[in-house]
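Reviewing the structure listed below.
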Amino acid sequence: MSGEIQRKLRVNPLLCTGFGYCAEIVPELISLDDWGYPIVDTSPIEDENLMQHARRAVAACPRLALIIEELAKVPR
Amino acid sequence: MAGPSPAGGYEKLDDHINRLGQRPAGGPWMLDTLAESGLRGRGGAWFPTSRKWSAVAENSDGHAVVVVNGSEGEPLSAKDRVLQTLRPHLVLDGAVLAAETMKADDIVIYLSRAATTTERIIQAAIKERARAGLNEPPIRIEKCAHRYIAGESSAVINRVSGGLAKPMFTLKRAAEKGVNDQPTLVQNAETMAHAAMIARYGSEWYRRLGTDSCPGTGLMTLRGNVKRPGVYEVDMAASLGGVLDATGGTVSPPAGALLGGYFGTWLSPESMQDLPLDAERLKKEFKASFGCGILAVLPDGGCAIVESTRVLTYLAAETAGQCGPCVNGLAALSETMERIAASQPEPDDYQRVTRWIDMVRGRGACHHPDGAVGQLSSALTVFKTHLTSHLEGRRCRGTQVQGFPRPPSPGEGWK
């Protein structure tokens with residue numbers, strides 16, 4: 001089940017040149033700063049619907065700068 | 001680490017061994033000793049050294065890299081240069097101990113291109129060790145452009161791997177995949193020297209000075225409005241006031257100080273006397289950082305808003321130019337703060353500054369933007385009352401006051 005792994009959005013700021021498509025596709029998770037660069041909500045994505053949008057944003061990035069990082073959930 | 005001042009330059013290998021005794025060989029025992037000693041990294045982050053060494057040791061299969069970071073791109077710092085030019089063998093001892101402990105087969109001394117004297121002395125010290133027939137992994141020197149962030153850990157790895165001294169974006173830790181994809185330890189030169197002392201005399205000896213959370217001694221660079229500027233080895237249990245008193249005090253009544261370097265924290269004059277040096281207490285109780293051990297004191301009439309802006313403008317120019325938030329954010333902040341420092345703000349300039357400080361934080365591949373806005377933010381908070389007079393357009397004589405070190409011109413190139 002998805003309970004084992006946490007997925008979160010992450011931007012590689014070295015690759016990003018501020019096309020800004022990502023913020024149009026998932027405004028729930030990404031906004032743009034005053035210079036057009038994405039401010040990414042990096043909390044784990046639980047909602048499956050939101051995850052689909054996140055994946056579309058990743059696919060749409062012309063710079064391949066947006067990634068979904070998968071981390072094993074740290075047991076509490 | 002201190003001892004008699006060596007005659008004729010640096011402490012030669014014979015004198016070094018006569019003074020401190022033979023170095024024990026590194027090995028797994030060293031990881032326990034380091035953990036017991038509580039030694040923390042002196043590049044500025046104060047990360048527990050034993051955890052760094054253990055992580056590399058776990059990943060090493062006989063091929064790993066030890067990088068001694070002696071590049072010291074921080075303009076206010078002189079401690080690593082002083083240490084490496086007076087006691088090169090102590091630093092090299094630490095590097096060899098690290099290599100033996102984590103089974104590394106490559107030792108790199110990472111130096112700034114501007115540090116020609118340091119390079120000459122380290123080179124001579126390496127030759128001495130080879131001539132003495134010490135059974136050690138080979139030690140080599142790699143040089144980087146003299147720039148502020150050339151010493152950032154991922155920039156070091158990039159440069160030593162043959163690239164530019166610019167930070168990288170990576171999901172892997174250096175302990176797993178560092179220089180040429182090998183497990184890598186990047187450790188500040190001073191930390192290596194402490195490790196070499198701890199290996200000789202043990203963790204109990206090390207803990208005789210300092211505090212529980214920050215044991216031992218530390219190197220400090222005193223600058224600006226102090227009677228005797230220079231590099232000092234201090235007890236980490238001391239207070240800032242204690243250090244100032246013991247070193248002759250200030251020239252004029254201090255108007256404040258910058259602690260920890262250009263990524264550090266501005267202090268009010270009232271807070272300085274009783275402030276601890278202990279990095280943990282500073283962080284938790286005072287939201288301040290000892291950083292790489294710098295104390296730069298403002299002279300009477302000096303202005304932290306003005307000096308903090310000069311630092312910010314330098315750091316904005318020292319961006320690697322890779323990340324949008326750093327490139328755009330620091331430039332915008334610098335331009336706006338220059339107006340505020342000159343007491344000629346436009347309406348909403350202060351609101352812009354506070355908004356941008358929050359906006360750029362944590363959004364670079366490295367911590368350059370975070371450090372730059374951190375020092376600015378502390379100046380704006382600590383000197384809030386005085387900031388008001390800048391915002392209201394009242395002239396500040398602090399712009400004319402001499403005696404606080406000015407940032408240098410930005411560096412050139414990245415190799």
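The values are calculated or read from the model by the stated rules, or taken from the named source; none is laboratory data. Model, not experiment: these values are computed from the prediction. Cβ placement follows ideal geometry from the backbone for every residue including glycine, while neighbour counts extend to all protein chains displayed.
Points to keep in mind about this one:
- Which listed residue, of B:Asp245, B:Asp300, is touching a residue at least 40 places away in the same chain (Cβ under 8 Å) and of a type in the set (D, E, K, R): B:Asp300
- Taken over the range B:337-347, the residue count meeting the criterion of being farther than 14 Å from B:Ser377 by Cβ and within 29 Å of the chain's Cα centre (by Cα) is 2.
- Of the strands (runs of 3 or more DSSP E) entirely within chain A, those holding at least 1 residues that are among the polar types (S, T, N, Q) occupy A:5-11, A:30-32.
- Qualifying positions in the range B:160-176 - within 14 Å of chain A (Cβ to nearest Cβ), in contact (Cβ under 8 Å) with a residue 40 or more places away in the chain and closer than 26 Å to B:Gly62 by Cα: B:Met168, B:Arg173
- Selection count where residues are at pLDDT below 95 and either farther than 15 Å from B:Ile107 by Cβ or not in a loop (DSSP other than H, G, I, E, B) (or both), scope the range B:135-165: 0
- In the range A:14-69, the qualifying residues are those that are surrounded by fewer than 19 Cβ atoms within 10 Å (Cβ to Cβ), over 30 Å from B:Ala155 (Cα atoms) and in contact with a Leu (Cβ under 9 Å, 6 or more places away or on another chain), and the one that is nearest to the other protein chains (Cβ to nearest Cβ) is A:Glu28.
- Any chance B:Leu298 is touching a helix residue (DSSP H, G or I) at 6+ places or on another chain (Cβ under 6 Å) and either of a type outside the set (Ser, Thr, Tyr) or within 14 Å of chain A (Cβ to nearest Cβ) (or both): no
- Candidate set from the range B:220-258 (those that are charged (D, E, K, R) and more than 26 Å from B:Val306 (Cα to Cα)); member that is nearest to the chain's Cα centre (by Cα): B:Glu233
- Restricting the first member to the range B:337-351 and to residues that are closer than 13 Å to B:Cys303 by Cα, and the second to residues that are of a type in the set (A, V, I, L, M) and in a helix (DSSP H, G or I), the beta-carbon pairs closer than 6 Å and six or more apart or on different chains are B:Ala341/B:Ile305; B:Ala341/B:Val306.
- Residue satisfying all of: in the range B:396-407; part of a loop (DSSP other than H, G, I, E, B) and surrounded by 12 or more Cβ atoms within 10 Å (Cβ to Cβ); nearest to the other protein chains (Cβ to nearest Cβ) among these: B:Pro407
- Some residue of the range A:52-61 being over 24 Å from B:Met359 (Cα atoms) and among the basic types (Lys, Arg): yes
- Given (1) within 14 Å of chain A (Cβ to nearest Cβ); (2) out of contact with any Phe, Trp or Tyr (no Cβ under 8 Å at 6 or more places or on another chain); (3) small (Gly, Ala, Ser); (4) buried (at least 18 other Cβ atoms within 10 Å of the Cβ), number of the condition B:Gly321 does not satisfy: (4)
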